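*Asks:* Here's a structure for you.
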Amino acid sequence: MDSREKDIESLKDYKYGFTTDIENIRAPKGLNEDVIKFISNIKKEPKWMLEFRLKAYERLQQLKEPNWQKPKYPKIDYQNLYYYSAPKSMKDKPKNLDELDPKLLETYKKLGIPLQEQARLNGIAVDAVFDSVSVATTFKGELTKHGIIFCSMSEAIQKHPELVKKYLGSVIPITDHFFATLNSAVFTDGSFVYIPEGVRCPMELSTYFRINASETGQFERTLIIADKGSYVSYLEGCTAPMRDENQLHAANVELIALDNAEIKYSTVQNWYPGDENGKGGIYNFVTKRGLCKGINSKISWTQVETGSAITWKYPSCILKGDNSIGEFYSIAITNNHQKADTGTKMIHLGKNTKSKIISKGISAGFSDMTYRGLVDINSKAKNSSNYTQCDSLLMGNKCGAHTVPYIKNKNFDSNIAHEATTSKISEEQLHYCQQRGLNSEEAVGLIVNGFCKEVLQQLPMEFAVEAQKLVGISLEGSVG
Amino acid sequence: MNEQLKLDFDKILKTSKISEEEIQLKKGFLKKFIESGFPNRKQEDWKFLDISQIIKKNISGLSFFNDYSIPNKIDKSIFIDGLDHNKIIFINGRIEKIDFNYEDQNMIEISDKTEKKITFGNENSLIDLNNAFTNKVFEVLVKKNYSLKKPLIIYHTTNDKIKSNNVNVRLDFELEENSCLRLIDFFKNSTDKNFLNILYNFNLKKDSILKNYKLDKFRNNNLNYSFNNIEQDNNSISETFILSAGADYFKNEVNCNLNGKYSSAFINGVFSLKENQQHEIRSTINHLVENTKSYQLIKSVLGKNSKSAYQGRIFVNSKAQKTDGYQLSKAILLDETSEFNAKPELEIYADDVKCSHGSASGSLNENSIFYLMSRGLNYQQSKQLLINGFLLDVIEKITDSEIKNLIKNMIGLKE
């Protein structure tokens, strides 16, 4: 058995599908003002934070759930969900890893994310979020030396209220769409990153999200601020246990890049996709938006979406500063009964702004995959340009691949180019590979990896290897 | 507006002789239209140009009643010279003349289908409006193995006798096996700000060919909406060319169902817009069976304060293997105030297909202008040469050389 086969053997079933048996504290079921007060109270939040949540909740009452998306889903009963669930041992946050519940440590070890620094993951600092709370953040000492703040959102609200107050909700306001507003009202935890002026973050920062408890929704909130001239690369990974129910994950991620700053945000999303009959799985309805606030700033999104029953998200860039750059690289793979409606929005407001979109969609089995994107060049965005390429690959005639780009050009100095293709793996390519001794499965793996190469290249080393394997595994059994 | 609708509808019932059955049918459509009103930007298909706003802005008091009992005088000066042709003339929405003098009368049949409930269902309130208010529905039938010797030109005109500012027109065409029809829609309006709503229904049988050229060239203040529904059987070909340059607002919709194997659809369009014009083309091509083909090419040249939109959709059914679908839209923006919107959409459920689309927009290439100027042309001339070349690309796609030359002459592009 060669190593690839071994990987496949070990991963054929969703290997992150286990549950950790741990005692939880939960908020009462349902969504109302008391629950929001309960969340705010248990996190010992200041008054302004509670007001922020209540304002969002008030706004939420007037909003309707959007329904223009391609993948339809049964109505979610928002009153039948737990909005807060945390391991009991986290009630008083342990001061260091030695005090952390060994069961939690074990969980993360199983997921391949060791939290002990001695077992360091090639210099990646990790913030681990378990259901509604952040359980641990590694490498704090090293980061503090550079003045970098990397901690859980709850901690940031306590310790850096001035930054949180200033930036929270500045990119995704509480008046945004339904899921974003829901998140603003009930968000529980997440990561907070602040990179001070002129600092190049010495290591990759990473958050690992894990949903464990049943009947809960996960609503985390991430806020990354890159001050003038700084650089940060941030990774995000996610898994959840196998369950028959559908669980909701509605996160908000806000990125802010000031003058000359650069943020690189990579996601490898591997939430539980449901079984092969489409039962269970996560609804991944996430709002991610970056604001290139300063001149020459740059935000780059890279995503590998292989999990979730339904993925519905559009990581976007608002290019406000002159000369700012927005990039979006995406691979979305759907198999069995998975559905995805994903893409990006590039909103050009400043002069000389540039954006690039590379999207690769692969659908197999009974799945449905939609690229939906918006490129909007404002009348003031002189001399801007956009390039979009979206390619789809279909495997079998039970699946669907769709492309829905919206292009708005209001500026005669600017150029927009868009191209899209849809095809299948050609017989010639397969024949060529098989002639040289690969079996059909290997040949498909090779061709698919080539198809995705432009995006995989954008990922940091450690993630790229993982992602490459994931691409192969997600398509297991879809050929021949 | 709703009061006016009901009032005018009653007037129509009084003045025209229609059967009770039809009255009920029309009432149903009116009710549907009143419920939904004019389409607005909240509807996905009307996102870019909101017709309810545009009508509100341009036409303050919309009225719907036209007296179809009195004939209008035909103004012969509008006829196209230099091309022998058959004619259907609409004046203020009333058919004044149907003339197939060049053809074998036995091979063409024109029947009044108003009585037979020919209704056309679609989730589009403008079609409901059309169904409720059209005067007569004629069907033109081209018989088996017959190709029309001369093209048919349909003149859409209005004169100052017009009573309302909404005109609804409907024609049905059936092309029997191995027949061929060349059809030109020619728009010439001398009155101000009317809302013209046209619905065509084409049924293409095996091996038949339809060529439809919509020529809206002369500047006017009308608001036009046209919907073509084309059903295609085995081996049939439809070619639609749209020259969109005259009216204040023009939305052309083409819905093409490729129901038969080896059928193909071609849509080519040119927008040439200036001051405050807002035009749109929306096409839907449904590839429903194997081995079908579609090709679309849309080009825009946008002057001051003008706006064009292109929404193209290619749908491929899971049965429709070996589909070939292509879509390209390009735009040149000449002024800071011009705007181009596009939504080229692919919806694909079969794997052995070749589908692609492209869209590009920007200003004229300064390098090309420099090149031409260095060869002695002035700035205006170089600009014009580049624009002509850009548009000629689409004109050259026209397969009928006689009509191609007519169109070239009309827009001043010579050989």
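*Asks:* If I take every Cα pair under 8 Å that is 6 or more residues apart in chain A, average their sequence separation and divide by the length, what percent do I get for the relative contact order?
*Replies:* 10
*Asks:* Hey, with R₀ at 51 Å, roughly what FRET efficiency would B:Lys304 and B:Glu96 work out to, going by the Cβ-Cβ distance, to 0.05?
*Replies:* 0.85
*Asks:* Could you give each residue of segment B:181-187 its phi-based ³J(HN,Hα) in whole Hz, using Karplus coefficients 6.51, -1.76, 1.60 with θ = phi - 60°, and x for Gly or Pro?
*Replies:* These are the phi-based 3J(HN,Hα) values: 9, 10, 10, 10, 9, 10, 9 Hz.
*Asks:* Which percentage, to the nearest 5, of the DSSP beta bridges contained in the protein assembly as shown is antiparallel?
*Replies:* 10
*Asks:* Still on this model: Under 5 Å between amide H atoms, partner at least 5 residues away or on a different chain: which partners does A:Asn260 have, H built in plane at 1.01 Å?
*Replies:* A:Gly229, A:Ile295, A:Asn296, A:Ser297
*Asks:* Where does each of B:235-245, B:359-369 land if you order them by average Cβ count within 10 Å, highest first?
*Replies:* B:235-245, B:359-369
*Asks:* Based solely on its DSSP helices, what 222 nm [θ] is calculated for the protein assembly as shown when runs of n ≥ 4 H residues each add -39,500 (n - 2.57) and the sum is averaged over all residues, nearest 500 deg cm²/dmol?
*Replies:* About -6500 deg cm²/dmol.
*Asks:* Something else: Once amide H atoms are placed 1.01 Å from N in the peptide plane, what residues at a sequence separation of 5 or more from B:Asn224, or on another chain, have their amide H within under 5 Å of its amide H?
*Replies:* Hits under the 5 Å cutoff: B:Leu196, B:Tyr249, B:Phe250, B:Lys251.
*Asks:* Normalising by the residue count of chain B, find the relative contact order in percent from Cα pairs under 8 Å and 6+ residues apart.
*Replies:* The value is 9 percent.
*Asks:* State, to one decimal in nm, how far the label point of A:Lys72 lies from the label point of A:Arg26, with both points 7 Å from Cα in the Cβ direction.
*Replies:* About 3.0 nm separates the two model spin labels.
*Asks:* Further question on the same structure: Assuming a viscosity of 1.306 mPa s and a temperature of 10 °C, what translational diffusion coefficient in µm² per second does Stokes-Einstein assign to segment B:1-94, Rh being the Kirkwood radius over Cα pairs?
*Replies:* 96
*Asks:* Measuring from a point 7 Å past the Cα of B:Asp10 along Cα-to-C-beta, which residues in segment B:64-92 have an amide N at less than 20 Å?
*Replies:* It comes to B:64-68, nothing else.
*Asks:* Please report Rg over Rh for segment A:3-474, where both radii come from the alpha carbon positions and Rh follows the Kirkwood definition.
*Replies:* 0.95
*Asks:* Let me ask something else about it. Return the percentage of antiparallel bridges among DSSP beta bridges fully within segment B:2-260, rounded to the nearest 5 %.
*Replies:* Values: 10 of 74 bridges.
The antiparallel fraction comes to roughly 15 percent.
*Asks:* Then there's this: Mind listing the long-range amide H neighbours of A:Thr370? Cut-off is under 5 Å, sequence gap 5 or more, other chains count too, H placed in the peptide plane at 1.01 Å from N.
*Replies:* Excluding prolines and chain starts, which carry no amide H, the hits are A:Ala340, A:Asp341, A:Thr342, A:His402.
*Asks:* What does DSSP give for segment A:3-474 in terms of the percent of beta bridges that are antiparallel, rounded to the nearest 5?
*Replies:* 10
*Asks:* Hey, got the average number of other protein chain Cβ atoms within 10 angstrom for residues in A:376-389?
*Replies:* Average neighbour count from other chains, rounded to a whole number: 1.
*Asks:* So between B:Met1 and B:Thr399, what do we pick up on full extension, going 0.36 nm a residue minus the alpha carbon distance?
*Replies:* Length difference between fully extended and current span is 138.8 nm.
*Asks:* Also: Counting partner chain Cβ atoms within 10 Å of every residue's Cβ in B:330-336, what's the average?
*Replies:* 3
*Asks:* Here's something else I'd like to know. Tell me, what is the FRET efficiency for A:His160 and A:Glu197 to the nearest 0.05, using R0 = 22 angstrom and their Cβ-Cβ distance as r?
*Replies:* Efficiency at R0 = 22 Å is approximately 0.90.
*Asks:* If you don't mind, another one. Just check segment B:335-415 against the gyration tensor rule for me: Cα atoms, a ≥ b ≥ c as the square roots of the eigenvalues, rounded for a/c under 1.5, and otherwise prolate or oblate depending on whether a/b exceeds b/c. Spell out each step's value before the answer.
*Replies:* On the way: a/c = 2.49, a/b = 1.44, b/c = 1.73.
In terms of gyration-tensor shape, oblate.
*Asks:* If you line up the Cα atoms of the protein assembly as shown on their principal axes, what length do they span on each, largest first, in Å?
*Replies:* The principal-axis extents, from largest down, are 98, 67, 63 Å.
*Asks:* Another question about this same structure. Given labels modelled 7 Å from the Cα in the Cβ direction, how far is it in nm from B:Lys47 to B:Asp160?
*Replies:* Spacing of the two 7 Å Cα→Cβ label points: 4.5 nm.
*Asks:* While we're on this one: Straight-line reach only, C-alpha to C-alpha below 17 angstrom: list the lysines that A:Lys469 could link to, leaving out same-chain residues fewer than 8 apart.
*Replies:* Excluding near neighbours in sequence, the set is A:Lys6, A:Lys12, A:Lys15, A:Lys360, A:Lys453.
*Asks:* Now for a different question. State which entries of A:Lys70/A:Lys298; B:Lys76/B:Lys97; A:Lys43/A:Lys165; A:Lys424/B:Lys330; B:Lys32/B:Lys251 exceed 20 angstrom in Cα-Cα distance in the structure shown. Don't jump to the answer; show the numbers that get you there.
*Replies:* On the way: A:Lys70/A:Lys298 31 Å; B:Lys76/B:Lys97 12 Å; A:Lys43/A:Lys165 16 Å; A:Lys424/B:Lys330 27 Å; B:Lys32/B:Lys251 22 Å.
Violating the 20 Å Cα-Cα cut-off are A:Lys70/A:Lys298; A:Lys424/B:Lys330; B:Lys32/B:Lys251.
*Asks:* Using a simple spin-label model with points 7 Å from Cα along the Cα→Cβ vector, what separation in nm is obtained for B:Met373 and A:Asn80?
*Replies:* 7.0
*Asks:* Report, in order of residue number, the helices in chain A meeting two criteria: a C-alpha extent of 27 Å or more along the helix axis, and a mean Kyte-Doolittle hydropathy of at least 0.5; treat each whole DSSP H run as one helix. Walk me through the numbers on the way to the answer.
*Replies:* Working: long enough: none.
Membrane-span-like by this criterion, though nothing is claimed about a membrane: none.
*Asks:* Provide the FRET efficiency to the nearest 0.05 for the A:Ser426-A:Lys469 pair, computing r from the beta carbons and using R0 = 30 Å. Display every interim value, and only then the final one.
*Replies:* On the way: r = 24 Å, r/R0 = 0.81.
Working from the Cβ atoms, E equals 0.75.
*Asks:* Any aspartates and glutamates with Cα under 13 Å of the A:Lys354 Cα? List them, leaving off those in the same chain fewer than 8 positions away.
*Replies:* Excluding near neighbours in sequence, the set is A:Asp322, A:Glu327, A:Asp376, A:Asp413.
*Asks:* Let me ask you something else. Once you sort the root eigenvalues of the Cα gyration tensor of chain B as a ≥ b ≥ c, which label holds: rounded (a/c under 1.5), prolate (a/b larger than b/c) or oblate (the other case)?
*Replies:* Rounded is the answer for chain B, as its axis ratio a/c remains below 1.5.
Quick note: the coordinates plus some simple rules give every number you see, no bench work behind them. Treat the numbers as computed from the prediction; the structure is a model and nothing was measured. Positions of Cβ are backbone-derived with ideal geometry, glycine not excepted, and every protein chain shown enters the neighbour counts.
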